[in-house]
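Here's the structure, in C-alpha cells; my notes come after.
Computed from the coordinates by the stated procedures, all read-outs in this text should not be read as laboratory data. Since the model is a prediction, treat every value here as computed from it, not as a measurement. Note that each Cβ is placed from the backbone with ideal geometry, even for glycine, and that neighbours are counted across all protein chains shown.
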Amino acid sequence: MPRLVIRSSDIHAAGCFALEDIPKGTRLLEYTGERISKAEGDDRYDGRPFTYLFGVGDGEVVIDGHGMAMFVNHSCDPNCETDEEDGKVYIASIRNIAAGDELTYDYCLYDGDDDAPCYCGSKNCRKSMYSPQELRRKRRAEVRKQKQAEVAAKKNGASPKGIKKG
Ligand SMILES: [Zn+2]
C-alpha cells in the first residue's frame, strides 16, 4: 500500500494526502469501522453535524468509520472512488496522483436531513455532497411542499395579492 498521511486540508478540517506518486487504479485504503444497522447509525449520530457512516450494499448496513479512510474528503471532481468487494469497502485511485496531493472521492450522500455544502472548489462543483440523484429527489420534495403550502393557503382564505386598476 502506498504511504499516506493525515494532515490539515483546505477542503475540510483534516484530509488524507499521498506521500508518494500513486498510479491510477491502485487500491489505497480499506474503509474500516464497526458495522451497524442504518437505524442504529441514525440514533448514534442524531443531531451531529458530521457523520462518517458509509452505506454498504443495499444500504441497510453502514460502517461507522475509523482509521485513515474516514479522513478522505469529498470532492465533486475526485481522484479516487470507492470500490466494494465481498462486503468490504476500499478507496482506489481513478487517476494518477502526485506526491503531496490530497485524496478525495465523491461521497454521493443520500438519506440525510441536513445540508451538506461542498467547498471542493472544482469547476463542476455541485455545491453539495449529496449525490445528483438525491439532489433531484430533494428538489422534487421541495416543489411538492411548496405546492401543498399554496393549496393550504388558499383553503385558509388567503388570496393572491395585487392591485387592480380599472
Ligand atoms: Zn464540490
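Students often get this wrong: which residues of the range 16-47 have the backbone nitrogen under 19 Å from the point 7 angstrom along Cα-to-C-beta of Ile94?
Residues 16-18, 22-31 qualify, since their backbone N sits under 19 Å from the label point.
Indicate, rounded to the nearest 5 percent, the antiparallel portion of the DSSP beta bridges found entirely in the range 1-109.
95 percent
Quick check for me: using +1 on Lys/Arg Cβ and -1 on Asp/Glu Cβ, what's the dipole size of the range 1-132 about its Cα centre, in debye to the nearest 20?
Rounded to the nearest 20 debye, it is 560 debye.
Using Cβ contacts closer than 10 Å as the measure, can you line up Glu30, Glu20 from fewest to most?
Glu20, Glu30
With θ taken as phi - 60° and the coefficients 6.51, -1.76 and 1.60, list the Karplus ³J(HN,Hα) couplings across the range 26-43 in order, rounded to whole Hz; mark glycine and proline as x.
These are the phi-based 3J(HN,Hα) values: 9, 6, 10, 8, 9, 7, 8, x, 5, 9, 9, 6, 4, 4, 5, x, 4, 4 Hz.
Roughly what angle does helix 132-155 make with the longest principal axis of the chain, taking Cα atoms, 0 to 90 degrees, to the nearest 10?
20 degrees
Would you be so kind as to identify which of Thr104, Tyr31, Cys16 lies farthest towards the positive end of the dipole of the range 1-147, taking Lys and Arg as +1 and Asp and Glu as -1 on Cβ and the Cα centre as origin?
Thr104
Skipping prolines and chain starts, which residues have an amide H placed within reach, meaning under 5 Å, of the one on Cys118, given they are 5 or more residues away or on another chain?
Lys127, Ser128, Met129
What does the helix-only formula give at 222 nm for the chain: each DSSP H stretch with n ≥ 4 adding -39500 (n - 2.57), the total divided by the residues, and the result rounded to the nearest 500 deg cm²/dmol?
Dividing the helical sum by the residues of the chain leaves -6000 deg cm²/dmol.
Using the basic label-point model (7 angstrom from Cα toward the beta carbon), what is the Asp115 to Val151 distance in nanometres?
2.8 nm
By counting other Cβ atoms within 10 Å of each Cβ, how are Met70, Met129 ranked from fewest to most?
Going from least to most buried by this count: Met70, Met129.
Tally Lys/Arg at +1 and Asp/Glu at -1 over every other residue whose Cβ is under 13 Å from the Cβ of Asn73; what's the total?
Numbers: positive: Arg7; negative: Asp10, Asp77, Asp101, Glu102, Asp106.
Cβ neighbours under 13 Å give a net charge of -4.
Enter the Cα centre distance for the pair the range 104-127 and the range 53-78, rounded to the nearest angstrom.
That distance is 13 Å.
Given H placed 1.01 Å from N in the peptide plane, which residues other than close sequence neighbours of Gly55 have an amide H under 5 Å from its amide H?
Residues meeting the amide H criterion: Ile63.
So what are the three principal axis dimensions of the chain from its Cα atoms, in whole Å, longest to shortest?
77, 37, 25
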